[in-house]
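Heads up, the thing below is written out as C-alpha cells.
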Amino acid sequence: MWSVTGISAVLGFMLTVQITSKPQASPAVLSSYLDLRTQLLEQMQQQQVLDKEIAKENAQLDQFKASNGNTEDLKKALENDAQTVSAEAGMMPLAGPGISISIQDNPNLPFVADYAGKFQQYSDQEISQIVNDLFANGAKAISINGQRLVTTSSIRLVSGLGGFSTLQINTYPVSMPYVISAVGNVDLMQAVINVKQVVTLLNLMQEDCLITVHPEANGITVPGYHGPLPGTWAKEVNHS
Amino acid sequence: MSTKMKLTLSLTVVSMALGLMVSLQYRQISLSRLTSGGSWSPSDTEEQKMEAQLTALKNANSTAQQQLATITTQISLYEKQSAGSNQLLQQLQSRLEDERILGGLTPVQGPGISVTLMDGIATGQNIESVLTHDWDVRSVINELFTAGAEAVSINDYRVVATSAIYCTGPVVRINDHRTGAPFVIKAIGDPKTLQSALDIQGGVLDALRSRNLRVSDPQQVPSLTIPAFTGNTPSSPGGSGS
C-alpha cells in the first residue's frame with residue numbers, strides 16, 4: 001500500500017513540475033499582438049472592398065448573360081458597361097459638393113526672405129502635395145485649370161528659354177491663377193487644408209490662396225479627361 | 001478491516017494527496033503570472049487565434065482577387081461578342097479596354113522598367129534626410145507618368161489617380177495599405193523612354209541620390225505584370241458618384 005502511495009506521489013510531483021516549466025510571457029509578445037491587430041484590420045477592410053467590387057462586376061456580367069445572345073440587349077449591356085468604366089477612369093465630368101482653391105501671385109504680400117520665390121521654384125511639388133492631401137482626405141475628383149487628374153496625369157514644372165518656368169498639367173501648360181477644383185467630402189478636405197496650413201504657407205511665399213467652399217449638391221463640376229489613353233504598351237491580362 | 005476496504009482507503013488518501021499537490025502548483029503559477037511585471041500580456045492561444053484568422057483572411061482576399069480577375073475576363077469576352085462585326089461598337093469596345101487600363105481596374109502586362117528606392121545609411125544626425133519620404137516616391141511616380149508610363153505600381157500596389165501616397169510615421173500608406181522601404185516601383189511603357197527619363201542628369205533619381213538615398217539603376221524589363229487596383233473608387237457603392 002505504501003509503495004503505491006510513494007509511486008503516485010512521485011508521479012504527481014513530476015506532473016506538476018512539467019506544468020510549471022512553461023516559459024514566461026516576454027515583453028516582445030505585446031508588440032507582435034498590436035502588429036497582428038493592425039494587419040487584421042487592413043485585411044478586413046480589403047475584404048469589404050473586394051466584396052463590393054465582385055458584387056458590382058457580377059451585376060454587369062449578369063446583364064450580359066441575361067441578354068441570351070439578343071444583339072440589342074448585348075449592345076445595351078455593353079453601353080452600360082462602357083458608362084461605368086468611363087466614370088471610374090475619369091472620362092466623365094463629375095458634379096457634387098466640393099471646394100475650389102485659387103492660387104495667384106501677390107507681390108503686395110509681405111516679403112519673407114526664407115520663403116520668397118519658393119513657390120515659383122517648386123510650384124509643381126507644392127500643388128502635387130495639395131492634390132495628394134485632398135485625395136487622401138475625401139476628394140473624389142480633382143481638376144487643375146480644367147485639366148482632370150487621372151491615373152496617368154502629371155504635374156510638372158518645365159523650364160523654358162529665358163529661365164522662365166511653366167507649369168504643365170497633363171503636359172498642357174497652364175497659367176496663373178492656378179485653380180484646383182475638387183469634388184468630394186467638403187468637411188474632410190477643408191480640415192486637411194487647415195491642418196496643413198496651406199493658406200499660411202502660400203501667403204509666406206507671396207501667393208494669394210483663396211479657398212471657396214461649395215457645399216451644394218452640384219456645387220462644383222470637374223470636367224472629364226480628354227487626353228490620350230493608355231493601351232499601347234500595357235495590355236490586360238486574361239484569366240480564364 | 002478487509003483488504004478491499006484497506007485498498008479503497010489508501011487509494012483515496014493517495015488521490016487526495018495528488019490532487020492537493022496539483023492544485024497548489026496551479027495556484028502558484030497563476031499567482032506568479034499576475035504579479036510578473038504588473039502588465040497584461042495576451043495569452044499565447046489568443047495570439048494563435050489571431051494569426052490563424054489573419055492567414056484565413058489573406059487567403060480569402062487572394063481568392064477574391066482571382067475571382068474578380070476571372071469575372072472581368074468574362075465581361076471582356078462578352079464585350080467583344082456584343083461589338084460583333086459592327087465597327088462602331090468594336091471601337092467602343094476597344095476604347096473600353098483602354099479606359100479600364102486608365103482606371104487601373106484590371107491587371108495588365110507589358111514591357112517597362114523597374115527601380116528600387118531604399119533608405120540611405122544615416123551618419124550621425126542626418127537621419128531625416130536619408131529616409132525615403134512620401135514626396136520622394138511621389139516625385140518618381142510623377143516623372144514616370146510624365147514620360148508616358150501607362151501603369152505603375154509601388155510594392156505591387158497599383159497607382160491610380162486617387163492613390164494618395166503619404167507618410168504615416170515609419171511606413172508609407174498607399175491605397176489604404178501600409179508599406180515600407182525598400183520601395184520597388186514598376187512601370188509599364190516604352191522601356192527606353194522611361195529609363196532615360198529617370199536617368200536624366202540632375203533628374204529626380206539624381207536628386208534622391210544626392211541625399212544619399214540608395215536608388216537602384218532603372219532596369220528595363222521585357223514583361224511586367226501589374227495587379228489591378230483594389231480600393232474605393234468614386235462611383236463604388238461605398239461613395240456617392242454623380
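Points worth noting:
- Averaged over residues, the count of other Cβ atoms within 10 Å places the peptides B:52-61, B:170-179 in the sequence B:170-179, B:52-61, highest first.
- Least to most buried among B:M5, A:M92 (fewest other Cβ within 10 Å first): B:M5, A:M92
- From largest to smallest, the equivalent ellipsoid semi-axes obtained for the protein assembly as shown from the alpha-carbon gyration tensor read 57, 33, 22 Å.
- Stokes-Einstein translational diffusion, chain B - Kirkwood Rh over all Cα pairs, 1.002 mPa s, 20 °C, in µm²/s: 92
- Note on B:D44 and B:V221: the model spin-label points, each 7 Å out from Cα along the C-beta direction, lie 4.0 nm apart.
- Computed [θ] at 222 nm, deg cm²/dmol, chain B (DSSP H ≥ 4; -39,500 (n - 2.57); rounded to nearest 500): -17000 deg cm²/dmol
- Cα centroid separation, region A:135-157 to region A:91-130 (Å): 14
- At 1.306 mPa s and 10 °C, Stokes D of region A:94-222 from Kirkwood alpha-carbon radius, µm² per second: 106
- Cα gyration tensor of region B:108-231 - equivalent ellipsoid semi-axes, whole Å, descending: 23, 18, 11
- Shielding by other protein chains, B:79-89, mean Cβ within 10 Å: 4
- Cβ neighbours within 10 Å from other chains - mean over A:90-100: 2
- With the simple spin-label model, which puts each label point 7 Å out from Cα in the Cβ direction, the B:Q201 to B:R178 separation comes to 4.3 nm.
- Counting Cβ atoms of other protein chains within 10 Å of each Cβ in B:92-98 and taking the mean gives 6.
- The alpha carbon convex hull volume per residue for region B:57-103 rounds to 52 Å³.
- Counting only DSSP H runs of at least 4 residues, each contributing -39500 (n - 2.57), and dividing by the residue count of chain A, the helix-based mean residue ellipticity at 222 nm comes to -16000 deg cm²/dmol.
- Efficiency of FRET from Cβ geometry, B:W135 and A:L109, R₀ 35 Å, rounded to 0.05: 0.90
- Packing-based exposure ordering (other Cβ within 10 Å, fewest first) of B:R95, B:R27: B:R27, B:R95
- Burial order of peptide ranges A:130-143, B:78-91 (average beta-carbon count within 10 Å, highest first): A:130-143, B:78-91
Each reported figure results from applying straightforward, stated rules to the coordinates on display, with no laboratory input. From a predicted model like this one, the values you see are computed outputs, not experimental measurements. Here the Cβ is made from the backbone with ideal geometry for all residues, glycine too, and neighbour counts use every protein chain on show.
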